[in-house]
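None of the figures in this text is laboratory data; all of them are computed from the coordinates on show. Please read all numbers here as calculations on a predicted model, not as lab measurements. Glycine gets a Cβ as well: all are built from the backbone with ideal geometry, and neighbour counts include every protein chain shown.
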Amino acid sequence: MKKQVILATTNMGKVKEFQALLEPLDIQVMSIHDLEGERIPEVVEDGETFEENALKKARAFYRQFNIPALADDSGLEVDYLNGEPGIYSARYAGEGKNDQDNIEKLLEKLKEVKETELRKAHFTCAIAFVDGAEEETVTRGECHGVIASQPRGENGFGYDPIFYLPEEKRTMAELSKEEKNKISHRSVALKKLVENLSVKIVD
């Protein structure tokens, strides 16, 4: 029987990534859409780090549904902008804005920055696993690249179309799902999580 965990997110793009990454481990990743009629806990993401926000979400979902909960907080950090947009990546252009708005704001801030070296950036992901007060684990993963001058690719979500991977000679949005899952910040953090859990989520 598959081990069930609830993923604390409304982002179906993230749900699909987690499902693909954990499927080989015989773990069923449930989303809020699998829990019809259940109240979704409201979580104010006011932590100062990705780790703090991930833990807040995982704890809230564990308390609400009483099953092991996974949550991630991730974002893009641009060296030239002193780490912006960072923990504000999803709402960089303001509340109610979408991925395209966030991308346009970032590209506007970098429009005068032509040198590749100055456009270096990395995706960061912190993943929290909560299965009661005695079992809380947080891991962190990163993926390094460069901010492209314009979007390329139709896959992925968020800032993927402008996150260029020099070793791949493609943006993250030009990779297949399988290729992305091998190198993404989320994949790195999740692999660390599975390795580091003192009580394995895989029995």
Return the only residue of 105, 114 being without any contact (Cβ under 8 Å) to a residue 40 or more places away in the chain and touching a Phe, Trp or Tyr at 6+ places or on another chain (Cβ under 9 Å). 105
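Let's see how each residue does on (1) within 18 Å of residue 56 (Cα to Cα); (2) crowded, with 19+ Cβ neighbours inside 10 Å; (3) touching an Asp or Glu at 6+ places or on another chain (Cβ under 8 Å):
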residue: 72; (1), (2), (3): yes, yes, no
residue: 86; (1), (2), (3): yes, no, yes
residue: 89; (1), (2), (3): yes, yes, no
residue: 95; (1), (2), (3): no, no, no
residue: 104; (1), (2), (3): no, no, no
residue: 108; (1), (2), (3): no, no, no
Kindly state which strands (runs of 3 or more DSSP E) lie completely within the stretch 80-167 and contain at least 1 residues that are of a type in the set (Ser, Thr, Tyr) and out of contact with any Gly (no Cβ under 9 Å at 6 or more places or on another chain). 136-147
Which condition does residue 68 not pass, out of (1) within 16 Å of the chain's Cα centre (by Cα); (2) under 17 Å from residue 139 (Cα atoms); (3) of a type outside the set (A, V, I, L, M), if it passes all the others? (1)
Residues located in the stretch 117-143, provided they are under 21 Å from residue 165 (Cα atoms) and either buried (at least 17 other Cβ atoms within 10 Å of the Cβ) or in contact (Cβ under 8 Å) with a residue 40 or more places away in the chain (or both): 119, 120, 121, 122, 123, 124, 125, 126, 140, 141, 142, 143
In the stretch 29-68, anything farther than 14 Å from residue 14 by Cβ, polar (S, T, N, Q) and part of a helix (DSSP H, G or I) is listed as 64
Considering the stretch 144-177 alone, what residues qualify as being touching a residue at least 40 places away in the same chain (Cβ under 8 Å) and surrounded by fewer than 19 Cβ atoms within 10 Å (Cβ to Cβ)? 149, 150, 151, 157, 177
